[in-house]
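Before any comments, here is the structure.
The values are calculated or read from the model by the stated rules, or taken from the named source; none is laboratory data. Bear in mind that the values here come from a model prediction, so they are computed numbers and not experimental data. Note that each Cβ is placed from the backbone with ideal geometry, even for glycine, and that neighbours are counted across all protein chains shown.
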Amino acid sequence: MQTKQGQPSPQFRLFRQIIYFLVSFSAVVILGMGLSPAQAQISQATVTEVLDGNQVFIQGRQARINSTAGAGQQVSTGSSRAGLRFNNGAAGRLRSNTSLVIGQCIQVQQGGIVASGPTNACIGSIRVATRGTTFLTELGTDDVYAMKVLEGSVGLAPIENTTSPVPEVLVNQGQKVFVTRDGRISSPELITAVEAQEIVNGDYFSGFAQPLPGTSNLQRSLQQQYPNISLPPSLRPTPVRGLW
């Protein structure tokens, strides 16, 4: 629509501005989704806690509090347990006899880890993409990984691109799956209340002092799913002065 002088009418200019705004807004949203924190690359891990002795190692050399591991380096534990803080704000806790490699996805080679925040993991030939969640993964004696989601959700898909797209397997909070090294994923199962109680009383939470990112969300998720669960001190809500 134009005026007699050949210039766009005010109505046409307004319409064009609205279209421009909508297109720009859509682009920002799409780019924002592509730069989700869950995709943030991990290039460094810092040791924040060492429990049950001093058997925590980086590249086979003994590590201490504030020791750092870079991309491609291995962090391992003997009889000890360890807390890690990643450079992207996520954190993890290693049980004893665990080894993993630091990288864009944390490669669990042995043992187990509980992780919270934007921490992607690799288990066998499967990539675990988190949604800002708390999960644990362990490699069992049968060479099968267990993936248990305590809060939020994770998506499992092959690491390598395949000729035919493979649907992502979504695992929600309160669910677990088992993954073989060659990429076979079981159907999601529920984590029972007994199992959840064993987890929060076990190696990943007992004795640790540094809180995991999103601890309040984890505490709320556990209490909603398992109303009768007994939480350790590190997962209990902080009393508000004057109310207790």
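Report, by residue number, each residue of the stretch 124-146 that is hydroxyl-bearing (Ser, Thr, Tyr) and more than 25 Å from Ser221 (Cβ to Cβ).
Matches in the stretch 124-146: Ser125, Thr141.
Hey, could you check the stretch 99-117 for residues that are surrounded by fewer than 22 Cβ atoms within 10 Å (Cβ to Cβ) and in contact with a Lys or Arg (Cβ under 7 Å, 6 or more places away or on another chain) and say which is modelled with the highest pLDDT?
Gly111
Could you list all residues from the stretch 61-101 that are assigned to a strand (DSSP E or B), touching a residue at least 40 places away in the same chain (Cβ under 8 Å) and either of a type in the set (Lys, Arg) or over 17 Å from Leu51 (Cβ atoms) (or both)?
Of everything in the stretch 61-101, those that are assigned to a strand (DSSP E or B), touching a residue at least 40 places away in the same chain (Cβ under 8 Å) and either of a type in the set (Lys, Arg) or over 17 Å from Leu51 (Cβ atoms) (or both) turn out to be Arg81, Arg85, Phe86, Arg93.
Select, from Val144, Val169, Val154, Val177, the only residue that is touching a Gly at 6+ places or on another chain (Cβ under 8 Å) and among the hydrophobic types (A, V, I, L, M, F, W, C).
Val169
Give Thr134, Thr119 a once-over and let me know the one that is part of a loop (DSSP other than H, G, I, E, B), within 20 Å of Phe178 (Cα to Cα) and either of a type outside the set (D, E, K, R) or in the same structural domain as Gly207 (by TED's automatic domain parsing) (or both).
Unique residue meeting the criteria: Thr119.
Go through Ala82, Ala71 for me and flag whichever is in the same structural domain as Gln110 (by TED's automatic domain parsing), at pLDDT below 95 and within 25 Å of Thr134 (Cα to Cα).
Just one listed residue meets the conditions, Ala71.
Of the residues that make up the stretch 102-114, is at least one over 17 Å from Pro213 (Cα atoms), in a strand (DSSP E or B) and free of Cβ contacts under 8 Å to residues at least 24 places away in the same chain?
The answer is yes; a qualifying residue exists.
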